[in-house]
Amino acid sequence: MTRDAKFEDGGEGAIALRAETRDDLPVIAALVQDAVLPITEIAWEAKSRRLALLINRFRWEDKAQAEAEKRPYERVRSLLVISDVTHVASMGIDRSDRDVVLSILDITFEETEDGAGRVTLTLAGDGALAADVECLDVDLRDVERPYRAPSGKVPHHPE
């Protein structure tokens, strides 16, 4: 996993991560927790066998520094790509409503004996997006400069 990416204008701090093992995936899952995306920003490219999601993620990696510097919390547009996908299924998502905004809670991988498996994105509201894959290959890359979180608040999950 790497974190040496730069934004197009040369600024540092962009995330570029790849998960190829079960141990790598929790890092990406933690960074995309509470990411939001309109349903229209999901693309299943059957020919290239990729599932791509353009997400707006909270910059969890910057939370402590933002608090210390007393500056606003930030979000950043990122591309989440799952490769080697053979099939995609959605559960509990109204795909006919183009105005739906989804929120990612978690990403998990269930491996089968042959190394293939299923990557599942658990969504708020009891929804899920599942991708059957030949092997685990998930990329997360920031694609735009961070921006101030509209609410100015950190996402919170009651215990």
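The values are calculated or read from the model by the stated rules, or taken from the named source; none is laboratory data. Computed from a predicted model, the values in this text were never measured in an experiment. All Cβ positions, glycine included, derive from the backbone under ideal geometry; neighbour counts span all protein chains shown. Protein only, heavy atoms only, side chains kept; ligands, DNA and RNA dropped before computing areas. Shrake-Rupley method; radii C 1.70, N 1.55, O 1.52, S 1.80 Å.
For the range 113-159, enumerate the residues that are of a type in the set (S, T, N, Q) and assigned to a strand (DSSP E or B).
Thr120, Thr122
Regarding the range 119-129, can at least one residue be identified that is in contact with a Cys (Cβ under 9 Å, 6 or more places away or on another chain), within 18 Å of Ala19 (Cα to Cα) and open to solvent by less than 50 Å² (accessible area, probe 1.4 Å)?
There is no residue in the range 119-129 that is in contact with a Cys (Cβ under 9 Å, 6 or more places away or on another chain), within 18 Å of Ala19 (Cα to Cα) and open to solvent by less than 50 Å² (accessible area, probe 1.4 Å).
Say we look at the range 130-141 and pick out the residues that are of a type in the set (D, E, K, R) and closer than 16 Å to Ser78 by Cβ; which of these is most open to solvent (accessible area, probe 1.4 Å)?
Filtering first and then ranking leaves Arg141.
Considering the range 36-63 alone, what residues qualify as being free of Cβ contacts under 8 Å to residues at least 12 places away in the same chain and closer than 22 Å to Asp106 by Cβ?
The one that is free of Cβ contacts under 8 Å to residues at least 12 places away in the same chain and closer than 22 Å to Asp106 by Cβ: Ala43.
How many of the residues making up the range 58-112 are part of a strand (DSSP E or B), farther than 18 Å from Ala35 by Cβ and open to solvent by 60 Å² or more (accessible area, probe 1.4 Å)?
Here the count works out to 5.
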